[in-house]
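What follows is a short report on a single structure.
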Amino acid sequence: MLHIYCPHCEEYREEEEFRPKGEAHIARPKAPEETDDAAWGDYLFFRKNPRGVHHEQWLHAAGCRKFFNVTRHTVSYEILETYKVGQQPTARTTDKGGAK
Amino acid sequence: MQRYSGFGLLKHGLSHHENWQRAWRNPEPKSKYDVIIVGGGGHGLATAYYLAREHGITNVAVVEKGWLGGGNTARNTTIVRSNYLWGEAAWLYEHAMKLWEGLSQDLNYNVMFSQRGVMNLGHTLQDMRDIHRRVNANRLNGIDGEVLDVRQIQELVPIMDCSRSTRYPVLGASWQPRGGVARHDAVAWGFARGADARGVDLLQQTEVTGIRESGGRVLGVETTRGFIAADTVGVVAAGNSSVIAKMAGLRLPLESHPLQALVSEPLKPVLDTVVMSNHVHGYVSQSDKGDLVIGAGIDGYNGYGQRGSYPTIEHTLQAIVELFPMFSRVRMNRQWGGIVDTTPDACPIISATPVGGLFFNCGWGTGGFKATPGSGHVFAATLAAGKAHPLAAPFTIDRFISGKLIDEHGAAGVAH
Amino acid sequence: MSQRNRLDHGGRVDRSRPLRFTFNGVAYQGYAGDTLASALLANGIDVVNRSFKYSRPRGIVAAGAEEPNAIFQLGASEAAQVPNVRATQQALYDGLVATSTNGWPNVERDLMGVVGELGGRFMPPGFYYKTFMAPAAMWPKYEKVIRKAAGLGRSPKERDPDIYDHVNRHCDVLVVGAGPAGLAAALAAGRSGARVILCDEQEEMGGSLLDSREQIDGRPAPEWGAAVLAELAAMPEVLTLSRTTANGCHDHNFVTLHERRTEHLADTAPTFGGRRQVRARLHRVRAARVVLATGTHERPLVYAHNDVPGNMVAGAISTYIRRYAVAPGRRLVLSTTNDHAYRAALDWHGAGREVVAIVDARDNPNGDLVSEARALGIRVITGAAVIETRGKKRVTAALVAPIDPVGFRVRGPVEEISCDTVASSGGYSPVVHLAAHTGARPEWRDDILGFVPGKVRGMIPAGGVNGRMALAEALADGVEAGTRALSEAGFKPGGVMLPQVPRVREGRAVALYQVPHVKPAMRAPKQFVDQQNDVTAAGIELATREGFESIEHVKRYTGMGFGTDQGKLGNINAMAIAARCLKQTIPDTGTTVFRPNYTPITFGAIAGRHCREFFDPRRYTALHAWHVEHGAKFEEVGQWMRPWYYPRGNETMDEAVQRECRAVREGVGILDASTLGKIEIQGKDAREFLGRLYTNPWAKLTVGKCRYGLMCKDDGMVMDDGVTACLGENHFHMTTTTGGAAAVLDWLELWHQTEWPELEVYFNSVTDHWAAMAINGPNARKLLAELTDIDLANERFGFMDWCAGTVAGVPARVFRISFTGELSYEINVQANHAMHVWEALFEKGGKYGLTPYGTETMHVLRAEKGFIIVGQDTDGSVTPEDLGMQWCVGYKKPFSWIGRRALSRPDTKRGDRKQLVGLKPRDPRLVLQEGAQIVLERQIRIPMPMVGHVTSSYFSPTLGHGFALALVKGGSQRIGQTVYLPMPDGKVHEAEVVSPVFYDSKGDRQNV
């Protein structure tokens, strides 16, 4: 069970208080009607899904009800940082298969 | 290939089992193959087997970073059924079911496919509407199924608490008699042995580190044992599909999540069917060895760690004890996790890609094991022909652009 | 009742408290302080079980969690049955009833044993993959036989009478294991004031100290341990938990501790003060630091017939003698690779029994214990090992031969030595399990011939598990680990003096796992690696010959390590054998992965109290008591209990629903609508926000007005609907579906917080704050007029208006909205006032025929009007256009609202999508089945293309016939066509496709 620091409550709380909400930093296209089908499909469904460092949204559902972001390693499950929506992470996304 | 039989066992017993042949070779990679399968799990091995058996394509390598059948094939709850809602999904899984029904004989390897019936419980009125809808659709698709009332459920599973005093009383169930369980490891080994015997090279401990391509066509794969060329590359890497896709510069509509399971200590036979409940979230069957094999839910976060969170296990066992109060004194022996690659519509992707000769077969989510022979069979046909097998055709990546999803999540929760 | 193996002095049992127990129906006696295993050994019971594959007689091998054979069925009554109890970990209590799990008719005379003996050689690992295939139809019959033969104990047949609970705990330092290292660590941490939890799986804390022969700080080791425990017990921040197993270690130092609170007392929890005690408690611990002091498991040697009762691991001999005052035999042969195991022989000798020989695999053993043994006149045979034992149900002799461990061969003549007990020791494996649970791979150390824990953040191994096995080293390592843990947790070290232990000089051990036999491994008599699963060395060799080269393949092919002991005795031996066969090293061969649990724990303990009414909270409205009192039947909707219908007298459901329907259409009915989700939305951008989330426009909705809205996901699929009222310019009251309330609130927050934080808008769930009562029917106005100060005239309070006022004297918001198509008012009052208002309505309502109705009637009435229920008439693949609700889609809204863009994708633009229609069955009495599939031809052929399905279907007393809503491919173009509905019983129903609005299509009735 993950131990998550809520940047709004400024405390560590148990995972049971939170709900994971998927990849972070996916911006809704500003002009949807001008976005082609492929780009719209990409926004809706396609994900980085890295085997490594991942930026993801969590909701402090049974706490302050705030969304925030977590930088977490998807293999070790180590949490590198948590930060508020609108802030940028310090750790970059990595992916074991990322080298090309 | 050395044929297996009861007589063979007797013969080898008398010679102290010193003359058994290897089930498969451990070959050095060739420099080039007609087809490379990335991923030596059940689906990959089945693909290789059917490429050789059905299409005569034997210059094939299966490239596996660990050991054969070491991913989700080794980590699932072994349930086999084909009672899916939508035609596209149902036909694919039923195709698999038909292959399951002759698989031990076809492979000359007893995969212990046990058609003891699969029961999906309904606990709310909406569950029952969905069950009727699904069973009606199954029957018109030629798939066995019926709707059971509580009395019929109780006859099949007398130990289940079907009283009104549970939190979500059982109202009915769907029942697929041809569904059941199989010995998961044996499936991988049987396909591996069959593929090897037909000339397929099974390259274990060989990790793909890159996809080489030129002019929009795949040339082969970079591996920890060097570059291996191929005209066609089929990626069957389940939870690691996104990682391989990224090597080819592709994005997939996938998320890899932990999916946990657990077993009890071995018990004398006590449960003769597979019981599944989506609503209270517990799946249980009893293996031939006597363990209660129990599936837990998916953890909501992305994870490649082959482990999930403890509350998920707690919740699952709460559901099991709720359904089977007598199991409260039974002990859980071991838990584990797999990495399931989930798609937005809970249906797989069997698809060509923008890179010529590069195909993906992934996104099976929680439904992979039951599809193993069918998945391999249609993917082999797809690789052999260079275009989708008719049963695979609806499962292209393009559906996530066009919107033509095949939503198998089932109906949303009841809402008034 | 004789305890013929009981020593008359020593041990930690209480001879003044004899306890009776039965094993396989025979009565025996033991003492308080015994385990079931020690009591059986005291009584000279050799055969305790039969092995599951070969039905071989098996005895007790070990003294702890690693025991593979002594697995019993416990319990004196049906409900108290406990399968698969490990006798070495079960305290004896008075009246204990145990039976062997295998053996027919009993363990002594087992008929299957004959089969095992004769057929054993034809049942190599994986034999079942190679046979039972022909004819295919026979497999189910074979399988039945296999299933019957497999399994250990049996499940109880009755409901568990016991309760289990959970405690959440936080601590600075969790110490797992209360042996020397654990005690030293806990003391170091505890003295600094840190919050410490010390747990140990055994009945008594102290671990190896309890059977130690050594002195600490000048007194016997057990006394030192007791003093430390006393000091810890007096520390307010220290919690000590015996009988408590750390069974699983999860991410970020979350450890589950399973405390067996009553299993040492009886088979069901005793009552205390009239209340049943908790049988087991699961502590869910979040620890800043974990000190892993789990010690080691001794490895037995793998030699031929090493499973005959009387073969034991050496350390167990010392434990039984020194802790339980039981010498489990008369004449001992010890086969060892190391000095430490000599203790078994010395303790045996000290108990006045004969040590026939010590067989040491090393050529020149020379440690202090070796000298001590020699000084006692014990015969020490060097450079040799026990290669086989004789005997069927008890060892009668050991075959000893000089061996070459490296060359893996016997290098001299075999000597048969008469004895009844063979103890063996192949070294000590650190108990790394918990460290491996979160994925850390153990690391091999050649110097200790074992795997030590891989690195885990926040976990510090100490003592034996860390390769520091000698007592002095373990204590020092414990102090160091405790000190490190507390300082990493932010405390100042308190200073603990290092306990002083006289050094015992030990020689280096030799690496030996499988003992060579005069015959090659494949032909030698069975050499067991995993006794519980009947896995032999030859089996492992065969697996590698067949190409199962990964240790995971070996494990899965042979079944090695899959037992309830999870291979605690056999795993390393199996790896060593696989390594030998594959001509590679043990670290190259690698380990299998350990998973929770360390030892099995009950489902009940993991489930805790969260069953039945605590499985999921059940939510009741403020009016629930009234519904119960008035005979309502209930429907589960989400977590809510909603009245489904209110039968009167002997009414069937159909009769009740028809009566309720008529009452609403002809008089007035009332529905408890409190379960609908309610969200207050405020802020200057609230209106803009609604316009972005709902499909329809909200810009012009004025104060006092209500509007129906549809909500989609950004893929264009309908996710929820409901009516939202404008309470003030910047203030709205949103309602959602009952089941969707929480998800909708999350949804609103998601978009606001992550996408449009610049909008000033606030959301608050008020579902529970307001009770809602919907009065529907032609008499609704008359009824309400009697109780309210609101002017109900249609001109001033029209359809889709809302007004504030009082109802029955309490403040209320009244919404003139209708889910039935009738004149309708939804009265919202504070939940605390609900019963008062409801009863006041009934007081006045009699003369208008006021009738309570439930969800079923609500469904019928709304379906007559073609109103959808999200989740029933939609399934996540339905767009607003599919529902024919273009009137509710704001195509011209300036902001591209959630879901809009997706509606123009190729698949959502198709004209032949499934669309909502009505169905009118040809047979007017027929109610189509909800979930029935729709086809276009009467003639059924399989497979048959389906064009849709029935989503809602009822009998309408108002219309006088059955009717249904359905999603049908291209349905809007099929009005007037006939479709067919094939049923499982072979009947094919016929229906006409019609408009989904069956009643009052102009909406006159709700506007009166």
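Summary of values
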quantity	calculated
Within segment C:607-630, tally of residues that are part of a helix (DSSP H, G or I), in contact with a Gly (Cβ under 9 Å, 6 or more places away or on another chain) and open to solvent by 20 Å² or more (accessible area, probe 1.4 Å)	1
Every residue from segment C:551-589 that is part of a loop (DSSP other than H, G, I, E, B), open to solvent by 20 Å² or more (accessible area, probe 1.4 Å) and within 22 Å of B:Asn72 (Cβ to Cβ)	C:Phe562
Residue list for segment C:660-691, filter: under 46 Å from the mean Cα position of the chain (by Cα) and β-branched (Val, Ile, Thr)	C:Ile670, C:Thr675, C:Ile679, C:Ile681
Selection count where residues are at the interface with another protein chain (Cβ under 9 Å from one of its Cβ atoms) and either open to solvent by 60 Å² or more (accessible area, probe 1.4 Å) or at positive phi (or both), scope segment C:152-170	5
Near pairs, Cβ below 8 angstrom, 6+ apart or cross-chain, from segment C:426-446 (at positive phi and away from chain B (no Cβ under 14 Å)) to any residue that is surrounded by 19 or more Cβ atoms within 10 Å (Cβ to Cβ) and among the acidic types (Asp, Glu)	C:Gly427/C:Glu298
Segment A:79-95 residues that are more than 21 Å from A:His3 (Cα to Cα) and of a type outside the set (S, T, N, Q), paired with ones that are outside any strand (DSSP E or B) and open to solvent by 50 Å² or more (accessible area, probe 1.4 Å) (beta carbon under 8 Å, 6 or more apart)	A:Gly86/C:Pro757; A:Asp95/A:Lys48; A:Asp95/B:Lys246
Hey, C:Glu67 assigned to a loop (DSSP other than H, G, I, E, B), in contact (Cβ under 8 Å) with a residue 24 or more places away in the chain and open to solvent by less than 10 Å² (accessible area, probe 1.4 Å) or not	yes
Lone unmet requirement of (1) out of contact with any Phe, Trp or Tyr (no Cβ under 7 Å at 6 or more places or on another chain); (2) modelled with pLDDT of 95 or more; (3) away from chain C (no Cβ under 14 Å) for B:Ala319	(3)
Scope segment C:905-962; condition open to solvent by 30 Å² or more (accessible area, probe 1.4 Å), part of a strand (DSSP E or B) and either within 14 Å of chain B (Cβ to nearest Cβ) or farther than 28 Å from C:Pro880 by Cβ (or both); matching residues	C:Lys914, C:Phe955
Options A:Pro20, A:Pro32: the member that is open to solvent by less than 30 Å² (accessible area, probe 1.4 Å) and either out of contact with any helix residue (DSSP H, G or I) (no Cβ under 9 Å at 6 or more places or on another chain) or farther than 26 Å from B:Tyr310 by Cβ (or both)	A:Pro32
Close pairs (6 angstrom Cβ cut-off, 6 or more residues apart or separate chains): closer than 13 Å to C:Phe895 by Cα and within 9 Å of chain C (Cβ to nearest Cβ) in segment A:25-39, open to solvent by less than 40 Å² (accessible area, probe 1.4 Å) and part of a loop (DSSP other than H, G, I, E, B) anywhere	A:Pro29/A:Thr35; A:Pro32/C:Ser896; A:Glu33/C:Ser896
Count - residues of segment B:223-277 that are among the aliphatic types (A, V, I, L, M), part of a strand (DSSP E or B) and under 24 Å from the mean Cα position of the chain (by Cα)	10
Count of residues meeting criterion [away from chain B (no Cβ under 14 Å) and either open to solvent by less than 40 Å² (accessible area, probe 1.4 Å) or in a strand (DSSP E or B) (or both)] in segment C:631-650	4
When residues of segment B:390-405 are limited to those that are open to solvent by 10 Å² or more (accessible area, probe 1.4 Å) and in contact (Cβ under 8 Å) with a residue 12 or more places away in the chain, the one farthest from B:Tyr93 (Cα to Cα)	B:Asp398
Residue among B:Gly367, B:Gly338, B:Gly386, B:Gly374 that is surrounded by fewer than 24 Cβ atoms within 10 Å (Cβ to Cβ) and under 14 Å from the mean Cα position of the chain (by Cα)	B:Gly367
Tally of residues being open to solvent by 10 Å² or more (accessible area, probe 1.4 Å), on the phi < 0 side of the Ramachandran plot and within 9 Å of chain C (Cβ to nearest Cβ) across segment B:273-310	6
Residue match in segment C:393-406 (condition: closer than 23 Å to C:Glu66 by Cβ and touching a helix residue (DSSP H, G or I) at 6+ places or on another chain (Cβ under 7 Å))	no
Index of the failed condition, B:Lys246 passing every other in (1) touching a residue at least 40 places away in the same chain (Cβ under 8 Å); (2) facing chain A (nearest Cβ under 8 Å); (3) surrounded by fewer than 24 Cβ atoms within 10 Å (Cβ to Cβ)	(1)
Matching residues in segment B:105-123 - criterion: being within 12 Å of chain C (Cβ to nearest Cβ) and open to solvent by less than 10 Å² (accessible area, probe 1.4 Å)	B:Leu107, B:Asn108, B:Tyr109, B:Asn110, B:Val111, B:Ser114, B:Gly117, B:Gly122, B:His123
Strands (runs of 3 or more DSSP E) contained entirely in segment C:662-774, each with at least 3 residues that are of a type in the set (A, V, I, L, M)	C:718-728
Single condition C:Ala384 does not satisfy, out of (1) crowded, with 19+ Cβ neighbours inside 10 Å; (2) touching a residue at least 40 places away in the same chain (Cβ under 8 Å)	(2)
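So that you can scan it fast, the table gives a plain yes or no per residue for (1) at the interface with chain C (Cβ under 10 Å from one of its Cβ atoms); (2) over 27 Å from the mean Cα position of the chain (by Cα); (3) open to solvent by 20 Å² or more (accessible area, probe 1.4 Å); (4) within 12 Å of B:Tyr84 (Cα to Cα):
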residue: B:Asn136; (1), (2), (3), (4): yes, no, no, yes
residue: B:Ile143; (1), (2), (3), (4): yes, no, no, yes
residue: B:Glu155; (1), (2), (3), (4): no, yes, yes, no
residue: B:Ser163; (1), (2), (3), (4): no, yes, yes, no
residue: B:Gly172; (1), (2), (3), (4): no, no, no, no
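For (1) facing another protein chain (nearest Cβ under 7 Å); (2) more than 30 Å from C:Thr244 (Cβ to Cβ); (3) surrounded by fewer than 18 Cβ atoms within 10 Å (Cβ to Cβ), each residue gets a yes or a no:
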site	(1), (2), (3)
C:Gly95	no, no, yes
C:Ser100	no, no, no
C:Trp104	no, yes, yes
C:Val115	no, yes, yes
C:Leu118	no, yes, yes
C:Pro125	no, yes, no
C:Pro135	no, yes, yes
C:Arg147	yes, yes, no
C:Ala150	yes, yes, no
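For (1) away from chain C (no Cβ under 13 Å); (2) open to solvent by less than 40 Å² (accessible area, probe 1.4 Å); (3) within 20 Å of the chain's Cα centre (by Cα), each residue gets a yes or a no:
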{"residue": "B:Tyr4", "(1), (2), (3)": "no, yes, no"}
{"residue": "B:Gly8", "(1), (2), (3)": "no, yes, no"}
{"residue": "B:His12", "(1), (2), (3)": "no, yes, no"}
{"residue": "B:His16", "(1), (2), (3)": "no, no, no"}
{"residue": "B:His43", "(1), (2), (3)": "yes, yes, yes"}
{"residue": "B:Ala74", "(1), (2), (3)": "no, yes, yes"}
{"residue": "B:Ala90", "(1), (2), (3)": "no, yes, yes"}
{"residue": "B:Trp100", "(1), (2), (3)": "no, yes, yes"}
{"residue": "B:Leu103", "(1), (2), (3)": "no, yes, yes"}
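The values are calculated or read from the model by the stated rules, or taken from the named source; none is laboratory data. Only a predicted model underlies this, so the values are computations on that prediction, with no experimental measurement involved. We place every Cβ from the backbone using ideal geometry, glycine too, and count neighbours over all the protein chains shown. Heads up: the accessible areas ignore ligands, DNA and RNA and are worked out on the full protein's heavy atoms, side chains in. Shrake-Rupley method; radii C 1.70, N 1.55, O 1.52, S 1.80 Å.
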